[in-house]
Amino acid sequence: MQKFKRMFSPRKMVIWVSILVLIISFQYTNQPAQSQTQAIATALAVEQVEDGLIEVSAVILTPIPASTSKRKAYTAKGVDITNAINNISLQLGKQIGFGQCDIMAVGDKLCETNALKALDYLTRTKRVGRNAVLLNFSGKTEDFANCVVQINDSLSLKVSEIINFNREYITATETNIESFFKGYYGDLGVSTMPKIKISETESDNAIPIKVEEASSSQSDTSGSGGSSSGGGSKELYFTNDGTTSIFRDGKKFTEISPTDIKYVNLLQPENVLGTFILENVNSDLFKDARVVIDLTNKEMKYDLTFENTLPKITYEIDLYIMIDEIIEGEKTENLLHTENWFVDNSVVNGLTNKVEENLDMVVTKLKNQNMDIIEVYDKFYKFKNKKFTKFLSSLESEKEFLKDVIFDYKITIHSSYYKR
Amino acid sequence: MKMSYRQASIIIFYMLVAFKVLSLPSLMYQTCKNDGYLAVLIMMIVDAILIWASIKIIKQAKGKNIYEFVKQYTGSVIAKIFVIGLTLIPLIHLGIKTKGLEWFLVKNLYTKFEWFQFAIPIALITCYMIYKGTRNIGRVCEFFIWIIVVGVVIIIIKGFASVDLTFFLPILSKGITPIFKAIYDYLAWFGLGGELLLFCGCIDFKDEKKSRIFFYSAIAIILVQLVYFSFYGAYGIMSATHNFAISDISQISNANMALDELSWLIVTVWAVAQILHVAIYGYLFCRGLQIIFNLKNDAVATLILFIALILWIFWGEHTIALEKLFLHKSIVWTVVIAQYIIPIIIWFLSFAKNKKDNINHPSIKERSGSETEKSKVQQSATKSKVQSKHKKSRGKYAKV
């Protein structure tokens, strides 16, 4: 026993542990560098194509110091996502790691059939981070991936930043995989995704992007080799106009236009910026003028009550505005900081009416389609639980509760940029 | 060598915190939604009360081990059964803890590694710590405690930015039943009263400050509650799908930045806390074995533990639905009996015996009081002697 004790004395223990560490780590010194066996995907686009096949395009980061572009798009088809990803691996000769993937795009067709399953698979099995920006796109996966390469390689722009701008100023909701799942697992199963359009024809507010056609390659479903498609370059148009795709139970069922989403977001607590245009405004200072109003700040509160057992939500919205432009016939008045002088009752009343009318219109649309993207259910469930649960139990379908909710708005216009 | 009272308090802190903030928050959410933190709060308060009762018993044992202490009330057979019951708790906990460590290290942090590559060095290190005795474990715990607390607090603070307080509403929407269901289902994660009794005879109460145990227990409860607050507040309904709460809090990012993480802090800090936790339970298991089989050599019990750990590492890794095993009703009931009923019986036995002794010998207190006064007088006399010696020696060195 003394011998045993001496063998495991503190000094000897250090030697034993060092030997053990050496034995364990030695096997790894014999293996090739990870950069030779692993490729890093920074963006991923998935879409369902003809014959039920899945097409995957991945933007791969190539760790070559002398290369002009460190990112390159690779595309492959497969019977399912795994197969398509394996086919890209065959093109690259490397395993693909998705841990650093910060853009996850799902094509229109897949969104309508099985977006949730695809996202679930990619986050669980392929370990795509749930913080990755999530978006819905129309167009080819290959074109989307090429656009991402070109945009991200430019000095001042990044696709994730464009989508984050949407989150900040247009959609007013989180736009990552985690928030999509949050919506899906919520009581109503409604979630949203920003929509990006990729097309070869020019459209308003589109970013023109020149892409090398030969920069991508495709492989067949069996994964046997890849074939380069075409040569030269083509011009693509990347459009982010604020259109939002709405999902129910993980499947896309409609889209909301940028104009509608602007009014929907007036009912969200986050600050949203934007512009309003009033036509034919008459005042002491101008006649039949077109007034362009800039929304500089917004404050929103809501009050939850019940009217004859029906839930009623009253929104108090404070809009802080600044007049940008007054167009009176041929005459155009550009205003800088003297706008307070021009804001009179005609502008205030005009804007109040316009906002109220549009809110009514948008809320009716939401009611008709049972799209609770403004979280009315959540608000009542959390703050008026007992009465709301009683109300829900009186309904045939909980998911259609929105039809019976009474909406009311109190809009106050402030003409100063600064909060009062 | 016995560990100090401060070290014992710190070890209790580790036992209270370490594995309640990993997979438990997610499991709790699955059962009682956003009220999961309440179930944990209730059980941690129960734990704190049982800890207080166990510390009282350990103090009362005056250096005896738990078998010797219980034997005087119940006889040797029942005492041995009690000790076997108490030894089962660290065994069950070791199973859960090592499995949790495997999940944390291999399935969460280093997916390319094999479990045995971590497990064998961890088993060696923990067995070595156990072999060197309680005081060594206590010292290591003492060294790491504030590093771990500060690390966890930083992670929690980062999570605060993403907390949405409405995720905690409505409170108790489904009543109190889901909370009790969650407590019953995940009982194996709680309870400290039982296994602590195995520390009988290992704690030196010289540096005892009554508030110390409450201080560390309170910090543990607050820390765990803050983790739950941060985790549930940030992930809401998605909490049920995040299996590594403390690690996932470090990855919360509202700005969609995949690299904005504090995982490095978790890697450095939390792994240490878990290894220490395994070492503590390993020690308690060895102590139980020593008492049951009357082993005089520490090395034999440590060797048995090492073999058990290695077998568990290789068998447990490939066993499907192993987590379900710990939710099995037989395990839950073993835990209820060993962790809650046995210490309560022991506590009542000692309490009843004390009361009986006081009724039979009312003068004992007075005598003991006079004895303590005597010893106080003796102590002050020796103290003054020592002080005068010191003065003399100081004088000598001053002259030199």
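The values are calculated or read from the model by the stated rules, or taken from the named source; none is laboratory data. Predicted, not measured: the structure shown is a model, and the values here were computed from it. A quick note on method: Cβ atoms are made from the backbone with ideal geometry, for glycine too, and the neighbour counts reach across all protein chains shown. These accessible areas exclude ligands, DNA and RNA; they are computed on the full protein's heavy atoms, side chains included. Shrake-Rupley method; radii C 1.70, N 1.55, O 1.52, S 1.80 Å.
Below is a table of values for the structure above.
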{"item": "Area of A:LYS109 that stays accessible when all protein chains are in place (1.4 Å probe, Å², to 10)", "result": "120 Å²"}
{"item": "Modelled FRET efficiency - R0 25 Å, A:ARG11 with B:PHE143, Cβ distances, 0.05 increments", "result": "0.80"}
{"item": "Cross-link pairs A:LYS379/B:LYS174; A:LYS301/A:LYS386; B:LYS56/B:LYS206; A:LYS312/A:LYS399 - those with Cα-Cα distance over 19 Å", "result": "A:LYS301/A:LYS386"}
{"item": "Within the stretch A:274-311, trypsin sites (Lys or Arg not before Pro) in DSSP loop having at most 11 other beta-carbon neighbours inside 10 Å", "result": "A:LYS287"}
{"item": "Length added when fully stretched, A:THR62-A:PHE306, from 0.36 nm per residue minus Cα-Cα", "result": "81.9 nm"}
{"item": "In Å², nearest 10: area of B:ASP207 left accessible to a 1.4 Å probe", "result": "50 Å²"}
{"item": "Probe 1.4 Å, protein heavy atoms only - accessible area per residue of the stretch A:257-414 in square angstrom", "result": "51 Å²"}
{"item": "Area accessible to solvent at B:LEU289, 1.4 Å probe radius, in Å²", "result": "20 Å²"}
{"item": "Magnitude of the charge dipole, the stretch A:257-414, Cβ model with Lys/Arg +1 and Asp/Glu -1, debye to 20", "result": "920 debye"}
{"item": "Residue (of A:LEU392, A:THR314, A:GLY274) at the positive-pole extreme of the stretch A:257-414, dipole from beta-carbon charges", "result": "A:LEU392"}
{"item": "Among B:ILE156, B:PHE199, B:PHE143 the positive-end extreme of the charge dipole of the stretch B:79-203 (Cβ point charges)", "result": "B:PHE199"}
{"item": "Loop-located trypsin sites (Lys or Arg not before Pro) in the stretch B:1-90, at most 12 other Cβ atoms within 10 Å (DSSP)", "result": "B:LYS62"}
{"item": "Highest to lowest packing among B:275-288, B:136-149, scored as the average C-beta count within 10 Å", "result": "B:275-288, B:136-149"}
{"item": "Gyration tensor verdict on the stretch B:3-360 (Cα atoms; rounded if a/c is under 1.5, prolate if a/b is larger than b/c, oblate otherwise)", "result": "prolate"}
{"item": "Dipole in debye (nearest 20) - the stretch B:3-360, about Cα centre, beta carbon charges: Lys, Arg +1; Asp, Glu -1", "result": "1240 debye"}
{"item": "3J(HN,Hα) from dihedral phi, the stretch B:142-149, Karplus parametrisation 6.51/-1.76/1.60, rounded to Hz, x for glycine, proline", "result": "4, 5, 8, 3, 6, 4, 5, 4"}
{"item": "Where labels lie 7 Å past Cα in the beta-carbon direction, separation of B:ILE337 and A:ASN353 in nm", "result": "8.2 nm"}
{"item": "Loop GluC sites (Glu not before Pro), the stretch A:237-305 (other Cβ atoms within 10 Å of the site Cβ: 11 or fewer; DSSP)", "result": "none"}
{"item": "For the stretch A:72-116, size of Cβ-based charge dipole, Lys and Arg +1, Asp and Glu -1, in debye", "result": "240 debye"}
{"item": "Subset of A:LYS126/B:LYS20; A:LYS94/B:LYS107; B:LYS209/B:LYS329; B:LYS80/B:LYS355; B:LYS20/B:LYS296 violating a 30 Å alpha-carbon distance limit", "result": "B:LYS209/B:LYS329; B:LYS20/B:LYS296"}
{"item": "FRET efficiency for A:ASN205 and B:ILE154, using Cβ-Cβ distance with R0 set to 30 Å, rounded to 0.05", "result": "0.10"}
{"item": "Selection from A:ASN353, A:TYR377, A:VAL363, by position along the positive dipole direction of the stretch A:343-382 (Cβ)", "result": "A:TYR377"}
{"item": "In Hz, Karplus ³J(HN,Hα) per residue of the stretch B:65-82 (6.51, -1.76, 1.60; θ = phi - 60°; x = Gly, Pro)", "result": "7, 4, 5, 4, 5, 6, 4, 5, 9, 10, x, 6, 5, 5, 4, 5, 4, 4"}
{"item": "A/B buried area, accessible surface, summed, 1.4 Å probe, Å²", "result": "2800 Å²"}
